[in-house]
1. Evaluate the distance, in nm, between pseudo-label points positioned 7 Å from the Cα of residue B:17 and of residue B:88 along their respective Cα→Cβ axes.
2. If R₀ is 45 angstrom, what is the calculated FRET efficiency for the pair residue B:354 and residue B:213, using the beta carbon separation as r and rounding to 0.05?
3. Please compute, over every Cα-Cα pair in chain B, the percentage with a separation greater than 27 angstrom.
4. Shape verdict for the range B:78-217, please, from the Cα gyration tensor: rounded (a/c under 1.5), prolate (a/b greater than b/c) or oblate.
5. Taking 7 Å along the Cα-to-C-beta vector as the label spot, tell me the residue B:409-residue A:152 distance in nanometres, rounded to one decimal.
6. Would you calculate, for chain A, the mean residue ellipticity at 222 nm contributed by helices, counting each DSSP H stretch of 4 or more residues as -39,500 (n - 2.57) and dividing by all residues, to the nearest 500?
7. Let me know the mean shielding of B:100-108 by other chains, meaning the per-residue number of their Cβ atoms within 10 Å of its Cβ.
8. Quick check: the distance between the Cα centres of the range A:136-155 and the range B:394-422, to the nearest angstrom?
């Protein structure tokens, strides 16, 4: 099992998209692509499975919605009944319009924050984590494609050159 | 080129005829005296109770009894009052029942007119923003705005008839009422029949002039070698949007809010705008899907439908936001002259008032939330039909409570009015679509629209 990988650097996202298509058409397995910004359509050409974060966003929103109802009911109706706009009715439902902004905000709050946390967990990101990207240029303006090698360096190199890579390096994969 | 098929023509004519008969029935069953009106209401009431008892059975017998005692006490009250008040009450009832077919006609006429005005605004936004995704749909939009002038003129005729005291939709037009009403009397500088009609003509003239020229430039662009027509269209569209947002707002005060001349809301224009915008976008989506199912519009792909679906979803939420903004402030502050508007609706119009929220907000929210569903025609059509019916009820809720009070019913005249204008709308729109090639081939952004891909 070789740990050798080839790194191809690109300087344009359109070139990168076309290159990824060509590399996959030649049946090479792309390990990872590092980009300085999200490239539209890259997930599709890479053949990645659809993200499930939108389903989680919906579920998190529902949780936030329920929490807000429980919270406002406890605070404003049960624990210390409040006189809402001169309508002291001791009923959640009758005072519901006053709580809609809070229900709305907490739905968004839960969906947004839990989604970010989920994204961090899934991407194995935490504070002080060492960066994984092999080339710091990918945080600037370059795009890097990482391909595992199985005794086919020459063939890969010619293919990558043809696709418009500006730099091709052979390295040992860390870890 | 699309050809207006005989089948669709007959279909629309059948709708018009059936709807017309419904409206005629409505107008023929207007009571002419107070006694007749009272008899009609008493009869309807009895029928209601019988139905309720039959439907609910023994379990709900107590409910029915309670209602009966409630009614009885009500009658007692009116009997106890002096006979003069009883007369006034009867007179009021008579006016409400006389208004009923007129209101049914007006709601439907306004609703379908509003769809084409909403489409015109959407179209102008696409033009002014130089949108790249939508040129493939321009001819569909232009077809729907073809209904603007006839639709607006029908509304105008109804307004003229109101001005001639053929009906009591606008109580401020009645000098009797104004004489005894300080609040309305102080508004006569703005709310008087000649100025009201002149304003209406001014709005209609402005909208149709823009529509006429933008259609002309759009067709001329197909044959042109340069993009001067496109540029002209861009300029007039930007100008129109300024004109539109002012006149649309004033139109909504004039044609809807003034039906209830004591009440006012500062965001009413926006609220009506949201309603017409979402109905218009939905109509574009439905007509597009229909034409596509017949094999036209081959350049329109499911990404276009997806975008229309996004707009339907987004503007439905926007509508709800405005509806709630208007509702919550008034509900919270609870000032009698303002809150009466919602009290009438919640007490007498409970089902349409809250049902419309389900149809216009919760249903599209849940159905169109998923990205993939917005690409499936079946979901768009289903959501679209519910949204359109929901916004019909929205207009119904705006007009009926002040026109007919608690005597509302979605019966033969209401359904007839809806069907009549639906048929007319289909007839005019598809006739207009058949007049020009469906593909606006000269548009400089057409290439982008053809390749449009999400």
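1. Modelled inter-label distance: 4.9 nm.
2. Given R0 = 45 Å and the Cβ-Cβ separation, E is 0.55.
3. Taking all Cα-Cα pairs of chain B, the fraction more than 27 Å apart is 58 percent.
4. Values: a/c = 3.42, a/b = 2.47, b/c = 1.39.
Verdict is prolate for the range B:78-217.
5. Rounded to a tenth, the inter-label distance reads 7.8 nm.
6. It comes out at -14500 deg cm²/dmol, rounded to the nearest 500.
7. Details: counts 0, 0, 0, 0, 0, 0, 0, 0, 0.
Mean shielding by partner chains, rounded to a whole number: 0.
8. Centre-to-centre distance over Cα atoms comes out at 67 Å.
Throughout, read-outs are computed from the coordinates displayed, never taken from laboratory work. Note that the coordinates shown come from a computational prediction; the quantities given were computed from them, not determined experimentally. Please note: Cβ atoms are built from the backbone with ideal geometry, for glycine as well, and neighbour counts cover all protein chains shown.
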